[in-house]
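The values are calculated or read from the model by the stated rules, or taken from the named source; none is laboratory data. Values in this document were obtained by computation on a predicted structure and should not be read as measured data. Methodologically, a virtual Cβ is constructed for each residue, glycine included, from the backbone with ideal geometry; neighbour enumeration extends over all protein chains shown.
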Amino acid sequence: MTRRALATVTLLAAVGLAATACSSTVALEPAAGANDPECAEVTVRLPAELAGEPRRWTDAQATGAWGDPASILLTCGVDELGPTTLPCQTVGGVDWVIDDADAPRYRVTSFGRQPAVEVYLDNDIVSSAEVLDSLSRLVVLLPTDGSTCTVRG
C-alpha cells in the first residue's frame with residue numbers, strides 16, 4: 001500500500017471514529033422476554049425519528065432510544081401488567097397504563113398485549129401524545145390477550 005493510500009485509510013478511520021463518538025450508544029438492560037419474535041417485529045420497525053428526536057443505538061436486544069440525551073426509551077418483552085389502579089389511555093387501538101409518579105418523566109406500559117412494551121419518556125422534552133401515537137402504530141401489531149383497561153385516565 002502506498003503512503004498516500006495508507007494516509008487516506010487512516011484519515012477515513014479517524015473520521016469514522018469521530019462520527020461515532022458524537023452519538024454514543026445508550027446502555028439499557030434487555031427485558032426478560034426480549035428474545036420473543038414478536039418484539040423483533042416491533043423493533044425492526046422503530047422510526048428513525050420520534051417526536052422530533054433522532055433515534056440512537058442501544059446495546060440491548062428489543063430496545064430503542066431517541067434524543068441526546070435520551071428522552072424516550074423503549075423496551076419490549078417486559079412483564080405484562082396485571083390489574084392496576086393506575087390510569088389507562090387507549091391510543092391507536094392500544095391500551096397504555098400511565099405511571100406519572102416521577103412526573104414529568106412517565107413510564108407508560110402497554111396493557112393486554114403479549115409481549116408488553118414499556119416506554120419511559122420525558123414530557124418536558126417530548127409530547128407524550130405524539131410518542132404514544134407513533135408507537136401505538138407498532139405495538140398494535142402485537143397479539144392481544146383480550147383484556148382491556150378499566151381505569152381510564
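Return yes when residue 139 is in contact with a helix residue (DSSP H, G or I) (Cβ under 6 Å, 6 or more places away or on another chain), of a type outside the set (D, E, K, R), touching a residue at least 60 places away in the same chain (Cβ under 8 Å) and under 20 Å from residue 30 (Cα atoms) and no when it is not. So residue 139 does not fit the description; no.
Which of the residues that make up the stretch 38-78 are part of a strand (DSSP E or B) and more than 14 Å from residue 135 (Cα to Cα)? I'd like the intermediate steps shown before the answer.
Initially, the stretch 38-78 is screened for residues part of a strand (DSSP E or B), giving 49-50, 53-56, 58, 63-66, 72-78.
Answer for the stretch 38-78, where residues must be part of a strand (DSSP E or B) and more than 14 Å from residue 135 (Cα to Cα): 54, 56, 58, 77, 78.
For the stretch 32-53, filtering for residues that are surrounded by 15 or more Cβ atoms within 10 Å (Cβ to Cβ), over 14 Å from residue 65 (Cβ atoms) and within 12 Å of the chain's Cα centre (by Cα) leaves 2.
When the stretch 111-136 is examined, which residues are found to be surrounded by 22 or more Cβ atoms within 10 Å (Cβ to Cβ), in contact (Cβ under 8 Å) with a residue 40 or more places away in the chain and more than 13 Å from the chain's Cα centre (by Cα)? Selection gives 115 alone.
If a residue must be part of a helix (DSSP H, G or I) and either under 24 Å from residue 69 (Cβ atoms) or touching a helix residue (DSSP H, G or I) at 6+ places or on another chain (Cβ under 8 Å) (or both), how many such residues does the stretch 122-136 contain? Before the answer, list the steps.
Of the stretch 122-136, the ones part of a helix (DSSP H, G or I) are 128-136.
This time we only want the ones that are either under 24 Å from residue 69 (Cβ atoms) or touching a helix residue (DSSP H, G or I) at 6+ places or on another chain (Cβ under 8 Å) (or both), so: 128-135.
So the answer is 8.
Yes or no: residue 65 buried (at least 21 other Cβ atoms within 10 Å of the Cβ) and on the phi > 0 side of the Ramachandran plot?
Working: buried (at least 21 other Cβ atoms within 10 Å of the Cβ): yes; on the phi > 0 side of the Ramachandran plot: no.
Spelling it out, it is not the case that residue 65 is buried (at least 21 other Cβ atoms within 10 Å of the Cβ) and on the phi > 0 side of the Ramachandran plot.
Against the definition (in a loop (DSSP other than H, G, I, E, B), of a type in the set (A, V, I, L, M) and out of contact with any Pro (no Cβ under 6 Å at 6 or more places or on another chain)), how does residue 81 come out, yes or no? Considered against the rule, which asks whether it is in a loop (DSSP other than H, G, I, E, B), of a type in the set (A, V, I, L, M) and out of contact with any Pro (no Cβ under 6 Å at 6 or more places or on another chain), residue 81 comes out as yes. In the stretch 59-74, is there at least one residue being modelled with pLDDT of 95 or more, under 26 Å from residue 25 (Cβ atoms) and more than 16 Å from the chain's Cα centre (by Cα)? There is no residue in the stretch 59-74 that is modelled with pLDDT of 95 or more, under 26 Å from residue 25 (Cβ atoms) and more than 16 Å from the chain's Cα centre (by Cα). Close contacts from the stretch 37-59, counting a first residue that is free of Cβ contacts under 8 Å to residues at least 60 places away in the same chain and a second that is in a helix (DSSP H, G or I) and surrounded by 12 or more Cβ atoms within 10 Å (Cβ to Cβ), with Cβ to Cβ under 9 Å and a gap of 6+ residues or different chains, come to 43/138.
Residue 91: crowded, with 21+ Cβ neighbours inside 10 Å and either under 15 Å from residue 133 (Cα atoms) or touching a Leu at 6+ places or on another chain (Cβ under 6 Å) (or both), yes or no? Against the criterion (crowded, with 21+ Cβ neighbours inside 10 Å and either under 15 Å from residue 133 (Cα atoms) or touching a Leu at 6+ places or on another chain (Cβ under 6 Å) (or both)), residue 91 does not qualify.
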